[in-house]
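Structure first, then comments.
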Amino acid sequence: MKLKNLFHSPQKALSPFRIISGSFALAILAGSLLLMLPAATRGPGGASFGEALFTATSAVCVTGLVVQNTATYWSSFGQFIIMLLIQIGGMGVVTISVLVTVISGKKISLKQRSTMQEAIAAPGVGGIVRLTDFIIKTTVIVELLGAAVMAPVFIREFGAGKGLWYGLFHSVSAFCNAGFDLMGVSTPYSSLTAFSAQPVINLTVMALIIIGGIGFLTWDDIRTHGLHLRRYRMQSKVILSMTCILIFLPAAFFGFYEFGNPQWSGMSLGERFWGALFQAVTPRTAGFNTVDLGKMSEPGQVITAALMLIGGAPGSTAGGMKTTTVAVLAAALLSVFRRSQDAQMFGRRVAEGTIKYAAAILLVYLMLFLGGGLLISCVEKLPVLPCLFETASAIGTVGLTLGLTPELGGVSRAVLILLMYLGRVGSLTFVFAALSDARRNISKLPQEKITVG
């Protein structure tokens, strides 16, 4: 079925949740087939379906977990396909579809507007086409600027042609929070460790990750209201506040505790500063690393896993449970402590349905995270913590790894593929898509009190 036909199928297939889930699945399948072409790999014979499927899923779901070294296994054509899949996955397949419809001169239907609303977490269908145009233009401008800033550094390192390509590839990968890199030419799976104290690369990559991760609606507020923060939507205020908290507190932990441990004694003060800041930004949910994660202490790995599960903002290129989910649950917790009837943030009351939705997301993510990690640990006979780190990376669509993923067997790779897919489309979106035809019961049963806690 062609992607455009998803919007014009029979009524059963028209729910926005099914369109979003199906569009990502089709993009993954198409990407897998392209990556299986002999021209996509450097060696003879081409990639197997399993390798192509895992890589395509990781790219479309902007995760960054890989089973083959991206720089040496995939040809220039294969790397271009991966970058294209990252771009499609980061902006959203539905966004790309709406863009194609606009370019072709066709009218955007109400169903397309409704689906786009769900895809970018917009409050309503009004202004969706205008917002889509803004998203496309901003994405292109930001990615080209990022590439232009990083290219001179890569040109000095790799030469003109490769330097320009590396600038563009890593700019797209960083903005889309994907974590794919081409730095494995000298040391396999080294990510950005060779640039651990390089200010231009560190600042640019972190800026791209944050810009991509705060969400399209937050961009719109910044464009419309500038520095007049009081005029922002409550959601934008929550996202910006949580982003600052989730950068500076973990950075303090990494700087003062983690990198003060003996295994990091060889780090200079500059490497320690940039490493702490970078490792606070990248787990939500970009997947680059500038230090050897295998040397990280267990508390450091746990903090990193928690950041991976939280992720970025709704309607952004990032994955995870989302910063707003954590903020809503924290507000609900404070309301319980204060014996207040309503959860409040920034002078506004949070709807009870939103709190229930946030609690459901947290529970689903924890079940997938723990269940996937325990299953991989049992199948591979590996310690639980490294396996949980990999599943947090997959469900959070991050891409950070302790080096386990390339060594995993077929069952464990299938688990990570499923987690990456659910993490990108949204676990509840997938459930709603599967149960969209379920009959809703509008009657209410008798209420009875149950003690909790």
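Output the number of residues of the range 215-231 satisfying the condition of being closer than 17 Å to M345 by Cα and surrounded by fewer than 22 Cβ atoms within 10 Å (Cβ to Cβ).
Residues meeting the conditions: 3.
Counting only residues that are in a loop (DSSP other than H, G, I, E, B) and either modelled with pLDDT under 90 or open to solvent by 20 Å² or more (accessible area, probe 1.4 Å) (or both), how many does the range 322-356 have?
Residues flagged as in a loop (DSSP other than H, G, I, E, B) and either modelled with pLDDT under 90 or open to solvent by 20 Å² or more (accessible area, probe 1.4 Å) (or both) within the range 322-356 amount to 9.
How many residues does the range 149-189 hold that are open to solvent by 20 Å² or more (accessible area, probe 1.4 Å) and closer than 17 Å to L400 by Cα?
The qualifying residues number 4.
Among the listed residues L375, L370, L363, which satisfies the condition of being under 23 Å from G319 (Cβ atoms) and either in contact (Cβ under 8 Å) with a residue 40 or more places away in the chain or assigned to a loop (DSSP other than H, G, I, E, B) (or both)?
It is L375.
Select, from V140, V200, the only residue that is over 21 Å from the mean Cα position of the chain (by Cα), of a type in the set (A, V, I, L, M, F, W, C) and either modelled with pLDDT of 95 or more or open to solvent by 60 Å² or more (accessible area, probe 1.4 Å) (or both).
Being over 21 Å from the mean Cα position of the chain (by Cα), of a type in the set (A, V, I, L, M, F, W, C) and either modelled with pLDDT of 95 or more or open to solvent by 60 Å² or more (accessible area, probe 1.4 Å) (or both) holds for just one of V140, V200, which is V200.
In the range 380-419, which residue that is free of Cβ contacts under 8 Å to residues at least 60 places away in the same chain and among the polar types (S, T, N, Q) is nearest to L370 (Cα to Cα)?
Here the residue is T391.
For every residue, the table says whether it meets (1) at pLDDT below 90; (2) open to solvent by 70 Å² or more (accessible area, probe 1.4 Å); (3) outside any loop (DSSP other than H, G, I, E, B); (4) within 22 Å of S316 (Cβ to Cβ).
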position	(1), (2), (3), (4)
K12	yes, yes, yes, no
I28	no, no, yes, yes
A71	no, no, yes, no
T101	yes, no, yes, no
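Anything in the range 189-238 that is among the hydroxyl-bearing types (S, T, Y) and without any contact (Cβ under 8 Å) to a residue 24 or more places away in the chain? List them, or say none.
Matches in the range 189-238: S190, T224, Y232, S236.
Go through the range 395-418 and give me each residue that's crowded, with 24+ Cβ neighbours inside 10 Å and modelled with pLDDT of 95 or more.
L416 - this is the single residue of the range 395-418 that is crowded, with 24+ Cβ neighbours inside 10 Å and modelled with pLDDT of 95 or more.
Please name all residue pairs, on different chains or six or more residues apart, with Cβ atoms under 8 Å, provided the first residue is in the range 73-91 and is in a loop (DSSP other than H, G, I, E, B) and the second residue is of a type in the set (K, R).
Qualifying pairs under 8 Å: S75/R42.
The values are calculated or read from the model by the stated rules, or taken from the named source; none is laboratory data. Treat the numbers as computed from the prediction; the structure is a model and nothing was measured. Cβ sites come from the backbone with ideal geometry, for glycine too, and all protein chains shown count toward neighbours. The protein model used for the area step is the full one, side chains on, heavy atoms only, and it has no ligands, DNA or RNA in it. Shrake-Rupley method; radii C 1.70, N 1.55, O 1.52, S 1.80 Å.
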